[in-house]
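Novice: Here it is: the structure, laid out below.
The values are calculated or read from the model by the stated rules, or taken from the named source; none is laboratory data. Quantities reported herein were computed from a predicted structural model and do not represent experimental measurements. So basically every Cβ, Gly included, is an ideal-geometry build from the backbone, and we count neighbours across all protein chains shown. All accessible areas refer to the heavy atoms of the entire protein, side chains included, with ligands and DNA or RNA removed. Shrake-Rupley method; radii C 1.70, N 1.55, O 1.52, S 1.80 Å.
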Amino acid sequence: MGQIKLHKIAFIGGGVMAEAIIKGILGNKIIDAGAVFVGEHNEARCEYLRLQYGVKAAIDNNLAVKEADLVIFAIKPQVAQAAITKELVSHFRQGAHVISIMGSVTLAMLHSYIPDIPIIRAMPNTPLAVGAGMTAVCADDMVTEEMLSEAKAIFGSCGEVEVVNENDIEAITAVSGCGPGYAFVIIDALADAGVRAGLPRKLAIKLAAQTLAGSGKMCLETGKHPAELRDQVTSPGGTTIAGIQALENHGLRSAFFDAVQAVLKRSNELQGK
């Protein structure tokens, strides 16, 4: 992974997701720490980022974006309108472009805050923090191939990246964006079942978490359909099929259908649809 040709990247927001991206780009030498500036409202958090990663950080967002080639909005979608002010945008350098990781904030909404600037919309998930993220990106018509390549390098330093159509972003959010939440519920539930069966809590959690991690890796690396991999571990009349039947009896698949639809419904509400 080579360096990207940016003199300065500004992050607006210095939370968990911003830190995960910073950790990835610095760890993979995508850019030097001195070229990263974080605008973060919490001074203690600024100090932490400065000491931990050697980046610049300040509570002044205007200072953060000044002369930045790329501005990454890593804030909650609920505060987008309050954070992306005309004053902030007036401090953007000519030729700057934007990446937003704010869920449910469309390219059209972003352009209403930031007119006439190339914008990439990204949907990462929290496993970015351990270099195993899944990020989908889409771009407006002003984004160049070089800008898109930079975005792919940035998120590729923290996991896997796919370039998609914006029409697919909300469904992607419901699957991979929210997916870690579903996975943690499954790990917790499976560990609880292990404890009920007599296993120590720590061991049960490790068994459940590693099993999900390993199964996902196996699916990705073999390229086989998950049903084919399931069949490999499901002997006729055996124990695994008995467990799967119990899950199906309790509507496991229907629960995931409902979860994805619930996310889509809430996303539409956040967009005012």
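Novice: Between 16, 89, 233, find the one with the highest GNM mean-square fluctuation for the chain; connect C-alpha pairs within less than 10 Å.
Specialist: Comparing 16, 89, 233 in a Gaussian network model of the chain, the most mobile one is 233.
Novice: Leaving out ligands and nucleic acids, note down the accessible area per residue over the chain with a 1.4 angstrom probe, in whole Å². Please list the in-between numbers first.
Specialist: Working: 15150 Å² over 273 residues.
Counting only protein heavy atoms, the per-residue value for the chain is 56 Å².
Novice: Quick one: putting +1 on the C-beta of Lys and Arg, -1 on the C-beta of Asp and Glu, what dipole do you get for the chain around its Cα centre, in Debye to the nearest 20? Don't skip to the end; give the middle numbers.
Specialist: Numbers: 24 positive and 28 negative charges, 158 e Å.
So the magnitude is around 760 debye.
Novice: Another question about this same structure. Quick check: convex hull over the Cα atoms of the chain, volume per residue in Å³, rounded to an integer?
Specialist: Working: hull volume 40.9 nm³, N = 273.
In the chain, the Cα hull volume divided by residue count equals 150 Å³.
Novice: Once you have the alpha carbon radius of gyration of the range 1-83, what is it after dividing by 2.2 N^0.38 Å, with N set to its residue count?
Specialist: Values: Rg = 11.9 Å, N = 83, 2.2 N^0.38 = 11.8 Å.
Rounded to two decimals, the normalised Rg is 1.01.
Novice: Please report the projected area of the range 205-245's Cα convex hull averaged over all directions, in nm². Mind showing how you got there, number by number?
Specialist: Values: hull surface 12.7 nm².
With the hull built on Cα positions only, its mean projection is 3.2 nm².
Novice: On to the next question. On the full set of protein chains, 1.4 Å probe, figure out the accessible area of residue 230 and give it in Å² to the nearest 10.
Specialist: 90
Novice: Same structure, new question: Give me the Kirkwood hydrodynamic radius of the range 179-273, using the inverse of the mean 1/r over all pairs of distinct Cα atoms, in Å to one decimal.
Specialist: Values: mean 1/r = 0.0646 Å⁻¹.
For the range 179-273, the Kirkwood estimate is 15.5 Å.
Novice: Looking at this model, which pairs from 8/152; 56/273; 23/273; 66/273; 56/265; 56/86 are more than 27 angstrom apart at the alpha-carbon? Intermediate results must be reported in sequence, preceding the final value.
Specialist: Numbers: 8/152 17 Å; 56/273 39 Å; 23/273 36 Å; 66/273 35 Å; 56/265 39 Å; 56/86 23 Å.
Pairs exceeding the cut-off: 56/273; 23/273; 66/273; 56/265.
Novice: A follow-up question, please. Sorting 224, 5, 217, 76 by accessible area (1.4 Å probe), largest first, what list results? Show your work: numbers first, answer last.
Specialist: Working: 224 75, 5 175, 217 120, 76 145 Å².
Order by accessible area, largest first: 5, 76, 217, 224.
Novice: Next question, about the same structure. If the reach is capped at under 24 angstrom between alpha carbons, list the lysines near residue 206, excluding any in the same chain fewer than eight residues apart.
Specialist: Correct list for residue 206: 217.
Novice: Take the solvent-accessible surface of the protein heavy atoms, probe 1.4 Å, and return the percent of it on the chain that carbon and sulfur atoms account for. Spell out each step's value before the answer.
Specialist: On the way: 8720 of 15150 Å².
Percent of accessible area from carbon and sulfur atoms in the chain: 58.
Novice: Out of 24, 133, 223, any idea which swings most in a Gaussian network model of the chain, alpha carbons joined below 10 Å?
Specialist: Ranking 24, 133, 223 by mean-square fluctuation puts 223 first.
Novice: With labels modelled as points extended 7 Å from the Cα through the Cβ direction, what inter-label distance (nm, one decimal) is found for residue 233 paired with residue 185?
Specialist: So the two model labels end up 2.1 nm from each other.
Novice: Taking only Cα atoms and a 10 Å spring cutoff, compute GNM fluctuations for the chain and point out the largest among 68, 213, 139.
Specialist: 213
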